[in-house]
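Report on the structure given below.
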Amino acid sequence: MNTYRDFDNYLKEYPSEDGFFGEYGGNYLDNPELVKAFHEYAEGYNTIAQSSQFIAELRRIRKEFQGRPTPLYHCQKLSNLLGKTQIYLKREDLNHTGAHKLNHCMGEGLLAKYMGKKKLIAETGAGQHGVALATAAAYFGLECDIYMGEVDIAKQAPNVARMKLLGARVIPVSSGLKTLKEAVDAAFEAYSREYRNAIYCIGTAAGPHPFPLMVRDFQQVIGDEARSQFIEMTGHLPDKVIACVGGGSNSIGTFVPFLADPVELYGVEPLGRGPRLGDNAASINFGKVGVMHGFNSYMLASEDGSPAPVYSNASGLDYPAAGPEHALLHDLHRVNYVTIDDNEAIEALFLLSRVEGIIPAIESSHALAYALKVAREGRPNSAIVTLSGRGDKDLDYVMENYGDGTEFLAKRGIKL
Ligand SMILES: *Cc1c(COP(=O)(O)O)cnc(C)c1O
């Protein structure tokens with residue numbers, strides 16, 4: 001078992017120069033053009049993004065455009081209702097555009113500008129990443145091409161409208177199942193053609209080097225702020241820090257500043273409908289080590305090694321792999337990876353809405369649901385939960401499938 005002191009030098013050791021977190025991460029792309037492109041990207045990140053000018057400009061953008069720091073909010077009523085855990089929410093739902101994704105999109109946009117690129121390229125599934133990136137492109141005056149499966153375009157009309165309003169081109173992908181996987185392939189393909197003029201922006205702390213490193217660094221603002229806000233409010237560190245894990249960007253950004261502290265860390269994966277392959281997207285809990293999308297990590301794969309179908313009622317969490325740094329932190333026993341199913345997440349969404357007046361995203365509700373579980377069982381303690389985004393995007397889906405919460409909560413024996 002590691003002690004917290006072992007993590008004093010963690011950030012100096014990981015990742016290695018070629019992007020490995022232990023055995024995880026790296027760059028396993030076989031297209032030589034892409035390898036060249038990512039190499040240039042890593043160079044740019046390692047030099048430009050560490051300059052005092054870049055750091056100062058990003059800090060100003062975070063304050064004036066994004067509205068940071070986001071608050072840390074003590075949910076006294078919810079805490080008292082459930083038990084003894086004092087729950088503090090890190091309010092990324094109040095970050096501009098309503099979620100944490102803008103934290104790394106603004107960093108990537110600024111890097112594109114400093115590297116002299118004219119265009120941002122990405123894929124999107126539910127459209128959340130596309131909207132955040134289109135926002136960054138509009139801010140920096142860059143072109144923006146978003147690749148999106150035709151099936152997703154039909155399902156996600158409001159986000160498609162947002163991207164177009166922000167001036168992005170939404171490019172339909174009509175191959176295969178016409179969803180996220182095909183959109184990823186199309187975006188990589190476009191990047192290999194256009195990298196002299198464009199940079200590719202991934203939606204999470206995964207993918208080939210330098211993405212896991214770069215996205216982690218840009219998201220670290222969440223944990224840095226939360227840590228000092230909590231200490232200022234209470235005079236001490238929290239007992240637990242909890243965040244949901246899709247690809248792993250909001251969680252890694254939350255965890256890193258606490259790695260060398262005596263604080264328990266929990267990454268919450270979506271259990272969906274249950275433990276069977278295809279019913280969840282809990283890559284660390286149920287996956288195996290392998291290479292997917294150009295990097296090595298825990299992933300949910302079919303027998304032939306290709307990405308397995310995954311499911312969660314939170315569309316932002318249904319990714320078949322976890323970022324490579326999570327794989328390492330799991331093996332080092334520094335972060336506990338736990339699961340929450342669809343219904344537990346929805347219960348948390350209804351409770352937070354009614355008791356505190358905050359409607360969370362279903363993704364974020366997974367993190368909160370784990371805190372509620374701990375609160376019902378535990379001895380007195382305190383927890384920071386990263387509320388990665390707001391629930392407006394989920395309202396139609398929730399009303400249609402679970403109602404307004406009255407019956408759902410009554411059925412689960414919860415009286416308010
Ligand atoms: C995309 C998304 C997530 C999952 O992504 P991570 O990279 O794991 O953070 C979580 N919450 C919200 C609100 C999202 O939009």
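The values are calculated or read from the model by the stated rules, or taken from the named source; none is laboratory data. Bear in mind that the values here come from a model prediction, so they are computed numbers and not experimental data. All Cβ positions, glycine included, derive from the backbone under ideal geometry; neighbour counts span all protein chains shown. These accessible areas exclude ligands, DNA and RNA; they are computed on the full protein's heavy atoms, side chains included. Shrake-Rupley method; radii C 1.70, N 1.55, O 1.52, S 1.80 Å.
Taking the DSSP beta bridges in the chain as the whole, what percent of them are antiparallel, to the nearest 5? All intermediate terms of the calculation are to be shown ahead of the outcome.
On the way: 15 of 50 bridges.
Rounded to the nearest five, the antiparallel share is 30 percent.
How many percent of all Cα-Cα pairs in the chain sit more than 27 Å apart? When every Cα pair of the chain is considered, 47 percent fall beyond 27 Å. Computed about the Cα centre, the dipole magnitude for the stretch 1-156 is approximately 1060 debye when only Lys and Arg (+1) and Asp and Glu (-1) carry charge, each at its Cβ. Assuming charge only on the beta carbon of Lys and Arg (+1) and of Asp and Glu (-1), the dipole of the stretch 279-354 about its Cα centre is about 260 debye to the nearest 20. Accessible area per residue for the chain is 41 Å², calculated with a 1.4 Å probe on protein heavy atoms, without ligands, DNA or RNA. Protein heavy-atom surface of the chain, 1.4 angstrom probe: 51% of the accessible area is carbon and sulfur, with nucleic acids and ligands not counted. Using Cβ point charges alone (K and R +1, D and E -1), the dipole size of the chain about the Cα centre works out to roughly 1120 debye.
Among the GluC sites (Glu not before Pro) found in the stretch 295-394, those both in a DSSP coil and sparsely packed, with 14 or fewer other Cβ atoms within 10 Å of their Cβ, are Glu303.
Highest mobility in the GNM of the chain, judged by mean-square fluctuation with C-alpha springs under 10 Å and restricted to Leu213, Leu82, Leu111, is found for Leu82. Dipole orientation for the stretch 198-353: of the candidates Pro208, Val338, Gly223, Pro208 has the Cα lying most toward the positive pole (charges on Cβ; Lys, Arg +1; Asp, Glu -1).
Applying the Karplus relation 6.51 cos²θ - 1.76 cosθ + 1.60 with θ = phi - 60° to the stretch 167-179 yields 3J(HN,Hα) values of x, 7, 8, 9, 9, x, 10, 10, 8, x, 7, 6, 10 Hz, where x marks Gly and Pro.
Compute the longest continuous run of the chain that contains no exposed trypsin sites (Lys or Arg not before Pro); treat a site as exposed when its DSSP state is not H, G, I, E or B and it has at most 15 other Cβ atoms within 10 Å.
Working: sites that count: Lys84, Lys118, Arg196, Arg273, Arg276, Arg412, Lys415.
Longest site-free region, per DSSP loop and neighbour criteria: 277-411.
Here Lys373 is the anchor, and the lysines within straight C-alpha reach of less than 23 Å, apart from those fewer than 8 places off in the same chain, are Lys77, Lys84, Lys90, Lys240, Lys411, Lys415.
Note on the chain: with a GNM built from Cα contacts shorter than 10 Å, the maximum mean-square fluctuation among His74, His236, His96 falls on His236. When the helices of the chain are scored as -39500 (n - 2.57) per DSSP H run of n ≥ 4 and the total is divided over every residue, the value at 222 nm lands at -13500 deg cm²/dmol.
Around Pro172, under 10 Å between beta carbons, what's the net of Lys plus Arg minus Asp minus Glu among the other residues? Residues close to Pro172 contribute a combined charge of -1.
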